[in-house]
Amino acid sequence: MTGPLFPQQQPKAAILRSLAALEGDVDGMSMGRCAALCVSIHEGLDALTGSRDAGLMETAMQVLRRTAALVDAQGVFSANEEGDDIATSSLRLLLVPFVEAELLASSPAPDGPHMRYRQVVAAQEAYSHFLHRLAQYSLMGDLAGRQYAGEEDVGESAGASNPGDRRTAKIERFKEEKQLQAALADIERRRAAGTCDADADGEEASSLGGPQGGLDEEDEREAWALRLRSCALRAIESRGSVREEGKMLQAFAAHRAEERAAPADVRIARVQAAVEADAREADMRAQVLGGLRNVASSLGGSTGPSASNGRASGAPPTANALINHRDAVRAGVFRPSHTLPTMTVEEFGMQEHAEMMVREAGQAQAQAARQAQLDSRTHGQEEYDDEENEKARAWDEYKDANPAGHGNSALRPCGRALQDFGIGKTSFKEGGVGLFVLAGGAAALALVSWARGNAMRTGTPYNLTVELPLACGVTIGTPVRIRGVQVGQVLNVRPSLEKVDVLCQFEDVSSVVPRNSVVEANQSGLIAEPLLDITPQLPLPTWSAGPADAGCDAEGTIVCANGRISGNPGVALDDLVYIMTRLARQMEEDGFDKVFAAAEEATTLMREAQPLIQQSIELVGEVTPLLAELRQGGLVGNLEALTETAAAAAADIQKLQGAVLTDDNVKALRHSVMTLCRTLEHVESISSDVSLFTRDSAVQRNLRTLVQALSRMVDEGLLSQGATEEQARACAE
């Protein structure tokens, strides 16, 4: 049998015709035929119960019982299986007890309450069997599983739980069922998109009751799982309703038994009371209906002349008038008739009891104090009565001397004196109004002045522009500080593709910005408040013209008014967040185990490095006296003298290159070269001595470089003056 995925899409008349065609003969039906009819009964349950046809309902019940018997006989479901072990085509058979329970709960009972009670008990058992089987195969869902487990734990007392908990559970079931219906609708759309035209009898059909179309095995199984979860939610809610109905039927049966056991006169009195109650209810109903007719007539009379004519002639209001004003009638009828309670009766009783206890304690204390006062008196009650009479008499005399409202005229003499000068109540009122107007005008002027930026300003402001590569959160109103003290604020921020121009306003020209200042856009505090910090660098420049003076640009030491200065991003919370995010991602990629291992290795390395650090400290202690001895021994002076000698030699060589070469000059040059060779020997001896003290290879390397440079200079000088290569090599050696 082909059909859609959802119950509402199956034609209801076709379901009724299918059941009528069976004519009660269901014994020879196969498992597949029974399963398809069970799905059809589930889809057309509303139409079946709405038809009130006892024969069709009995046929449907026989089909369900036949299907359940075939399932048990063939062993389709086993206690040793799991939900994944059940075939997809067999999932629809799990709905058989649920459909049976729904049919029993919705079917009328023509034989009276006792027959209805049997149906209710059978429906409750079918619901329990369905939920137990779904829980066994873990096909119920998380929400339904929790609620089912909670009801099983509390047993029959589940109906007596907190109403708030029941309401919360019902809301959760409603939300879950909406999500399940949405998921089923998505699957149905996919199935409809992939469905091809097929013959009603020949095409392969899915177990959902429709053509297989675009559904594969996984989609079909998912659809049945969602459908079973939705039925589980409905079964939990319906089982609670059926349980409450069973309790009411039991109470009704007990009441009927009690009435039958009562004497005849008592039963007659009860019947008369019931008749009177029915009469009162009928009268009240008539009054309510009459009031509603009057309301409808008044509302219908405003629609036009026809309605007014009908009301004048006594005719009832038209249907169109009632339909047009049904929203107004609904607003007047469907509203709370009383104030909704804010606490339970038990809580109110406990509150009243606590207040009563407080009042009783106060009364007891007052009575004890009064009794102690009476006991302290010498003459007892008579003296107390005399004192009370004296107090009452004094109070009466005070009321006679000060009538009601007399205290409001205590300042009347002062007011009378002011009236002599023409100042009365009217003058006070007019003066108060004038003062109020003046105060309001002054406040308005102050507000306008503040809004224009002139409020409480004592100095001469000036503006300058700071160029930043990034804004770093700087906006209009950001404080501008010099060495941590606010001296102005940001007036405007103009971004561009290359930089961000920040227009700053300083409160007074006394707050100058040297051109060597460091300008940074920082963020401070827990909320990363942006700040524009200016830090002048040492040495501070001197200036004579202020930022707003004409000679400021000529000096060039400070930033002038409307000038520009470059700034850089400073401490920013965004950088910290970026670094921490990268660290977190790196830790997540590498794994926390590696991080912990690295931390352990670092701890071990630091522990092993402690002896080395101690040895370094001792070595520093030993080297420090040697360095002090070197400073005191004049090594630095010797090196300076050597440097001066080398410089003089280089100068002499340059002079020789520019002078005329004579024999005397050559001899003198040879003598100088020999002297220089001996000087170099002394330098080598000094460098060896220095190496013994410092053991520093860098000093040796620098001296060796200096000697080689001087040797090359001498070699070039000798060659330029005509000396032989052997003499130059000997001098270099």
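The values are calculated or read from the model by the stated rules, or taken from the named source; none is laboratory data. Values in this document were obtained by computation on a predicted structure and should not be read as measured data. In this analysis, Cβ positions are derived from the backbone assuming ideal geometry, glycine residues included, and neighbour counts consider all displayed protein chains. Areas reflect the complete protein model, heavy atoms only, side chains present, ligands, DNA and RNA absent. Shrake-Rupley method; radii C 1.70, N 1.55, O 1.52, S 1.80 Å.
Numbers at a glance
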{"read-out": "Residue among Ala135, Ala123, Ala144 that alone is open to solvent by 20 Å² or more (accessible area, probe 1.4 Å), closer than 16 Å to Leu233 by Cα and part of a helix (DSSP H, G or I)", "value": "Ala135"}
{"read-out": "Cβ-Cβ under 7 Å pairs, at least 6 apart or on other chains, segment 94-114 side within 12 Å of Arg234 (Cα to Cα), far side buried (at least 24 other Cβ atoms within 10 Å of the Cβ) and of a type in the set (Ser, Thr, Tyr)", "value": "Ala101/Tyr127"}
{"read-out": "Condition check for Gly141: within 24 Å of Ala79 (Cα to Cα), modelled with pLDDT under 85 and touching a Lys or Arg at 6+ places or on another chain (Cβ under 8 Å)", "value": "yes"}
{"read-out": "Of the criteria (1) modelled with pLDDT under 60; (2) open to solvent by less than 100 Å² (accessible area, probe 1.4 Å); (3) over 30 Å from Val288 (Cβ atoms), which one Leu374 fails", "value": "(1)"}
{"read-out": "Residue match in segment 146-160 (condition: of a type in the set (S, T, N, Q), over 21 Å from Gln250 (Cβ atoms) and touching a residue at least 60 places away in the same chain (Cβ under 8 Å))", "value": "yes"}
{"read-out": "Condition broken by Leu676, with the remaining ones in (1) in contact with a helix residue (DSSP H, G or I) (Cβ under 8 Å, 6 or more places away or on another chain); (2) open to solvent by less than 50 Å² (accessible area, probe 1.4 Å); (3) within 29 Å of Val620 (Cβ to Cβ); (4) at pLDDT 65 or above satisfied", "value": "(3)"}
{"read-out": "Residue under evaluation Lys178, criteria (1) modelled with pLDDT under 80; (2) on the phi < 0 side of the Ramachandran plot, criterion not met", "value": "(1)"}
{"read-out": "Any hit, segment 326-334, residues being open to solvent by 100 Å² or more (accessible area, probe 1.4 Å), modelled with pLDDT under 65, not in a helix (DSSP H, G or I) and not aliphatic (A, V, I, L, M)", "value": "yes"}
{"read-out": "Segment 438-465, subset among the aliphatic types (A, V, I, L, M) and loosely packed, with under 10 Cβ neighbours inside 10 Å, residue modelled with the lowest pLDDT", "value": "Met456"}
{"read-out": "Residue match in segment 467-479 (condition: within 23 Å of Cys552 (Cβ to Cβ), at pLDDT 85 or above, in a loop (DSSP other than H, G, I, E, B) and open to solvent by 40 Å² or more (accessible area, probe 1.4 Å))", "value": "no"}
{"read-out": "Residues being aliphatic (A, V, I, L, M) and within 19 Å of Gly164 (Cα to Cα) - total across segment 339-361", "value": "3"}
{"read-out": "Every residue from segment 255-289 that is within 57 Å of the chain's Cα centre (by Cα) and not acidic (Asp, Glu)", "value": "His255, Ala282, Met284, Arg285, Ala286, Gln287, Val288, Leu289"}
{"read-out": "Which listed residue, of Gln523, Gln486, Gln505, is open to solvent by 70 Å² or more (accessible area, probe 1.4 Å), not in a loop (DSSP other than H, G, I, E, B) and not β-branched (Val, Ile, Thr)", "value": "Gln486"}
{"read-out": "Leu64 being under 21 Å from Ser128 (Cα atoms), among the hydrophobic types (A, V, I, L, M, F, W, C) and open to solvent by less than 40 Å² (accessible area, probe 1.4 Å)", "value": "yes"}
{"read-out": "Residue within segment 571-583 that is surrounded by 11 or more Cβ atoms within 10 Å (Cβ to Cβ) and in contact with a Leu (Cβ under 6 Å, 6 or more places away or on another chain) present", "value": "no"}
{"read-out": "Residue that is least open to solvent (accessible area, probe 1.4 Å) [pool: residues in segment 248-265 that are among the hydrophobic types (A, V, I, L, M, F, W, C) and closer than 19 Å to Tyr117 by Cα]", "value": "Leu249"}
{"read-out": "Residue that is touching a Ser or Thr at 6+ places or on another chain (Cβ under 7 Å), among the charged types (D, E, K, R) and either touching a residue at least 60 places away in the same chain (Cβ under 8 Å) or at positive phi (or both), where the choices are Arg515, Arg564", "value": "Arg564"}
{"read-out": "Within segment 526-558, considering residues that are free of Cβ contacts under 8 Å to residues at least 60 places away in the same chain and under 14 Å from Asn568 (Cβ atoms), the one surrounded by the most Cβ atoms within 10 Å (Cβ to Cβ)", "value": "Ile534"}
